[in-house]
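These notes are about the structure you will find just below.
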Amino acid sequence: MLSAVERKIEQFIADLNDKEVVALYAKLPSGKRLRAKLILKIAGSSLAVVKTAAIVEMIHAASLLHDDVIDDAYTRRSKPSLNALYGNKTAIMLGDILYSKGFLELNNISPDVAKIVSNAVVQLSLGELKDVSLSKAFNLDKEIYLEMIYQKTASLMEASAGVAAILAGKDKDAYMIYGRNLGIAFQMIDDILDITMDAKTLGKPALHDFEEGKTTLPYIYLYEALDREDALKLKSLHGKRLSNDEALWIKAQMQKHHSIEKAFDEAKILAEEAIRLMQERGEDALRDIALAMIEREF
Ligand code: FPP
Ligand code: MG
């Protein structure tokens, strides 16, 4: 019933009575709609559920519009980003419009749902700020990285699963743990793909995170495994445009020290807990979403 969510978003946007906004929204690729999928799989497709899924996807789309401005990203899902097409000002304002219309509609669901989603957006924003601040230095603290990705990515998935459980009268806590674990594992894998996939498949330049100053889990593990000289070399490459040779050196070192496997194993542990929680409840579709995330090669 994802199409019902798409139609609801279109309706919310049509309510705004602004042709420019309708045209700009049409330029956004819709993406995987993972958060909406979670909500529908947990709570079915009543009107309140479809509206909640639409609101969460509008907030998520808003956060990506802002994130692409913050990250100077010119592609999103293999297409030019909105900031690349129309500039930062337009991208920021479309983000603000989607975000505030989402919040307006959130008032019509329930105070509990509104509270959980609003809290997640606070976390999302704190996480994004942390991501920006961390990329100014060579962060080697794994706990700080984990907290940042929880806030930046997992908080909205955790909230999506939680509000869906509330709407469905299910056990909120278990579903929130599921969403949280799935979200953290998802971001860890997204960070791994930035290293392992080529630019064409990725739809954005490879090793972009490191060039942007982001030391994700595989870099933290690699640094820990390198001898002093190579560790210093890795540090010297942080936050700068990499030559082909430098990029190949990083990838070869990661292969040698199994940094990708180590990072993937962490994502796997979290996904496995999510799988177990859903298996116990007979939630096969939700279990399979977590399974699909880890059943892949890097
Ligand atoms: C993508 O991270 C970014 C996020 C998941 C969160 C962005 C959050 C904000 C900009 C703050 C909230 C703002 C509003 C309007 C709700 P990434 O850059 O690691 O991933 P990417 O590869 O998809 O760009
Ligand atoms: Mg980004």
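Just for segment 59-95: of the residues that are small (Gly, Ala, Ser) and over 14 Å from Glu128 (Cα atoms), which one is farthest from ligand 1 (Cβ to nearest atom)?
Restricting attention to segment 59-95, the residues satisfying the condition of being small (Gly, Ala, Ser) are 61-63, 73, 78, 81, 84, 87, 91, 95.
Now drop any that are not over 14 Å from Glu128 (Cα atoms), which leaves 61, 73, 78, 81, 84, 87, 91, 95.
Working: Ala61: 9, Ala73: 6, Ser78: 12, Ser81: 9, Ala84: 13, Gly87: 17, Ala91: 11, Gly95: 5 Å.
This residue is Gly87.
Do you know which residues across segment 242-293 are farther than 30 Å from Asp230 by Cβ and among the β-branched types (Val, Ile, Thr)? Write out each step before concluding.
Initially, segment 242-293 is screened for residues farther than 30 Å from Asp230 by Cβ, giving 271-293.
Result: Ile275, Ile289.
For Ser133, indicate whether it is within 14 Å of ligand 1 (Cβ to nearest atom), surrounded by fewer than 16 Cβ atoms within 10 Å (Cβ to Cβ) and under 29 Å from Leu226 (Cβ atoms).
Spelling it out, Ser133 is indeed within 14 Å of ligand 1 (Cβ to nearest atom), surrounded by fewer than 16 Cβ atoms within 10 Å (Cβ to Cβ) and under 29 Å from Leu226 (Cβ atoms).
Give me a count of the residues in segment 22-71 that are assigned to a loop (DSSP other than H, G, I, E, B) and either within 29 Å of Asp284 (Cβ to Cβ) or within 16 Å of ligand 2 (Cβ to nearest atom) (or both).
Matching residues across segment 22-71 total 10.
Limited to segment 46-96, what total is found for residues that are in contact with an Asp or Glu (Cβ under 8 Å, 6 or more places away or on another chain), buried (at least 20 other Cβ atoms within 10 Å of the Cβ) and more than 29 Å from Ala165 (Cβ to Cβ)?
Qualifying residue count, segment 46-96: 6.
Please report, ordered by residue number, the helices (runs of 4 or more DSSP H) entirely within segment 201-274 with at least 3 residues that are crowded, with 18+ Cβ neighbours inside 10 Å and among the small types (Gly, Ala, Ser).
Qualifying helices (runs of 4 or more DSSP H): none found.
What residue, of Gly102, Gly31, is in contact with a Lys or Arg (Cβ under 8 Å, 6 or more places away or on another chain), in contact (Cβ under 8 Å) with a residue 24 or more places away in the chain, closer than 26 Å to Leu182 by Cα and within 16 Å of ligand 1 (Cβ to nearest atom)?
The match here is Gly31.
Of the residues that make up segment 216-226, is at least one closer than 30 Å to Met176 by Cβ and either polar (S, T, N, Q) or in contact with a His (Cβ under 6 Å, 6 or more places away or on another chain) (or both)?
Within segment 216-226 (the criterion being closer than 30 Å to Met176 by Cβ and either polar (S, T, N, Q) or in contact with a His (Cβ under 6 Å, 6 or more places away or on another chain) (or both)), the answer is yes, since at least one residue qualifies.
So Asn108 clears everything in (1) surrounded by fewer than 16 Cβ atoms within 10 Å (Cβ to Cβ); (2) free of Cβ contacts under 8 Å to residues at least 40 places away in the same chain except one condition, right? Which one?
The failed condition is (2).
Which of the numbered conditions does Lys51 fail, given that it passes all the others? Conditions: (1) more than 10 Å from ligand 1 (Cβ to nearest atom); (2) in contact (Cβ under 8 Å) with a residue 60 or more places away in the chain.
(2)
If we scan segment 277-284, do we find a residue that is of a type in the set (Gly, Ala, Ser) and in a loop (DSSP other than H, G, I, E, B)?
Looking for residues that are of a type in the set (Gly, Ala, Ser) and in a loop (DSSP other than H, G, I, E, B), one finds at least one in segment 277-284, hence yes.
To keep it simple, each residue is scored yes or no on (1) among the polar types (S, T, N, Q); (2) in a helix (DSSP H, G or I); (3) more than 21 Å from Ile59 (Cα to Cα); (4) out of contact with any strand residue (DSSP E or B) (no Cβ under 9 Å at 6 or more places or on another chain).
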site: Leu146; (1), (2), (3), (4): no, yes, yes, yes
site: Ile149; (1), (2), (3), (4): no, yes, no, yes
site: Lys152; (1), (2), (3), (4): no, yes, no, yes
site: Ser160; (1), (2), (3), (4): yes, yes, no, yes
site: Val163; (1), (2), (3), (4): no, yes, no, yes
site: Ile166; (1), (2), (3), (4): no, yes, no, yes
site: Tyr175; (1), (2), (3), (4): no, yes, no, yes
site: Gly179; (1), (2), (3), (4): no, yes, no, yes
site: Phe186; (1), (2), (3), (4): no, yes, no, yes
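Values quoted throughout were computed directly from the atomic coordinates according to the rules given, and no laboratory measurement underlies them. Just so it is clear, the structure is predicted and the values come from calculations on it, not from any experiment. Counting neighbours? That spans all protein chains shown, and the Cβs are built from the backbone with ideal geometry, glycine included.
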